[in-house]
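All remarks here apply to the structure that follows.
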Amino acid sequence: MKIAVIFPGIGYHTDKPLLYYSKKIALSHDYRIKDVPYGNFPSGVKGNKDKMAACFLDALRQCEDLLQDVDFSQYTEILFLSKSIGTAIASAYGQKHRLKTKNVYFTPVGESFRFMEQPGIVFHGTADGWVDTETVITECKVRNLPLHIIKSANHSLETGDWKQDITNLKSVLTSVDRYLSDADNNMPDFTD
């Protein structure tokens, strides 16, 4: 049995495109889906380290409650699909519980890299206002994480041009599908 646990961002819920379609892909690969609907975050988190830390700790506490009935030992494969601050929360939760996970890290925030120890793939947009591209490139190289960079894309991996966004979304989701298929164990580094 396989399980995919979904860790959303502060304002990026599981019904938004990256997570919504990634869940569908996970289902097509026979993963059981478990959403982690933490929330009730304050406004004004971006750029405020104290609020970001408080949100992280609160969401991690909520995860403990929301996932307390999940027996991860019964699963042969654990996938964490995470977005933004959810990348830090998923990684910290996995560390704390010593879980071996596969990961799809959508637009990690800078603080996420402190916890990202498990294998996975990373997606980042060059217009992401939460973390600069050079930091993401450096941190992914240190951790040997394949990085997919979407030019001119923001923290939601959107450019403002709907045609380009659809093209980018298809490319991102195709990469997620390949990752879950294990079709390419040595996925290329898309930092070019």
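The values are calculated or read from the model by the stated rules, or taken from the named source; none is laboratory data. Just so it is clear, the structure is predicted and the values come from calculations on it, not from any experiment. Please note: Cβ atoms are built from the backbone with ideal geometry, for glycine as well, and neighbour counts cover all protein chains shown. When the accessible area is computed, the model is the full protein with side chains, heavy atoms only, and any ligands, DNA or RNA have been set aside. Shrake-Rupley method; radii C 1.70, N 1.55, O 1.52, S 1.80 Å.
In segment 131-144, which residue that is of a type in the set (A, V, I, L, M, F, W, C) and buried (at least 19 other Cβ atoms within 10 Å of the Cβ) is nearest to Asp161 (Cα to Cα)? Give the steps one after another, and end with the answer.
Taking segment 131-144 first, the residues of a type in the set (A, V, I, L, M, F, W, C) are 131, 136-137, 140, 142.
Next, from what is left, pick out any that are buried (at least 19 other Cβ atoms within 10 Å of the Cβ): 131, 136, 140.
On the way: Val131: 22, Val136: 24, Cys140: 27 Å.
Among those that are of a type in the set (A, V, I, L, M, F, W, C) and buried (at least 19 other Cβ atoms within 10 Å of the Cβ), it is Val131.
In segment 117-130, what count of residues is obtained for those that are open to solvent by 10 Å² or more (accessible area, probe 1.4 Å) and either under 20 Å from Leu60 (Cβ atoms) or not polar (S, T, N, Q) (or both)?
So in segment 117-130, the residues open to solvent by 10 Å² or more (accessible area, probe 1.4 Å) come out as 117-119, 126-130.
Filter again for either under 20 Å from Leu60 (Cβ atoms) or not polar (S, T, N, Q) (or both), leaving 117-119, 127-130.
Count: 7.
Please work out which residue is least open to solvent (accessible area, probe 1.4 Å), limiting yourself to segment 158-173 and to residues that are over 15 Å from the mean Cα position of the chain (by Cα) and closer than 18 Å to Ile25 by Cα. Even if it seems obvious, please write down each step before you answer.
Narrowing segment 158-173 to residues over 15 Å from the mean Cα position of the chain (by Cα): 158-168, 170-171.
Filter again for closer than 18 Å to Ile25 by Cα, leaving 166-168, 170-171.
Working: Ile166: 103, Thr167: 85, Asn168: 25, Lys170: 145, Ser171: 69 Å².
Ranking the qualifying residues of segment 158-173, first place goes to Asn168.
Tell me which residues, restricted to segment 148-157, are closer than 20 Å to Leu19 by Cβ and surrounded by fewer than 21 Cβ atoms within 10 Å (Cβ to Cβ). Lay out the reasoning, then the answer.
Within segment 148-157, the subset closer than 20 Å to Leu19 by Cβ is 148-150, 153-157.
Hits for segment 148-157 are Ile149, Asn154, Ser156.
Sort out which residues of segment 109-123 are out of contact with any Lys or Arg (no Cβ under 8 Å at 6 or more places or on another chain) and among the charged types (D, E, K, R), and write them in order of number. Step through it out loud before you land on a result.
Residues of segment 109-123 that are out of contact with any Lys or Arg (no Cβ under 8 Å at 6 or more places or on another chain), as a first pass: 109-112, 114-115, 121-123.
Glu111, Arg114 - these are the residues of segment 109-123 that are out of contact with any Lys or Arg (no Cβ under 8 Å at 6 or more places or on another chain) and among the charged types (D, E, K, R).
Each row is one residue, and each column tells you yes or no for (1) within 15 Å of the chain's Cα centre (by Cα); (2) touching a residue at least 24 places away in the same chain (Cβ under 8 Å); (3) more than 15 Å from Gly11 (Cα to Cα).
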residue: Ser43; (1), (2), (3): no, no, no
residue: Leu66; (1), (2), (3): no, yes, yes
residue: Ser112; (1), (2), (3): yes, yes, yes
residue: Glu117; (1), (2), (3): yes, yes, yes
residue: Gly125; (1), (2), (3): yes, yes, yes
* Answer with yes or no whether Ser175 is within 29 Å of Asn48 (Cβ to Cβ) and among the polar types (S, T, N, Q). => no
* Asked: Can you name every residue in segment 136-154 that is free of Cβ contacts under 8 Å to residues at least 40 places away in the same chain and touching a helix residue (DSSP H, G or I) at 6+ places or on another chain (Cβ under 6 Å)?
  -> Glu139, Ile150
* Residue pairs meeting the criteria (Cβ under 8 Å; at least 6 apart or on separate chains; first among the aromatic types (Phe, Trp, Tyr), in segment 45-64; second open to solvent by 50 Å² or more (accessible area, probe 1.4 Å)) -> Phe56/Glu111
* Output for segment 74-100, where each listed residue is in contact with a Pro (Cβ under 8 Å, 6 or more places away or on another chain) and over 19 Å from Tyr20 (Cα atoms) -> Ala88
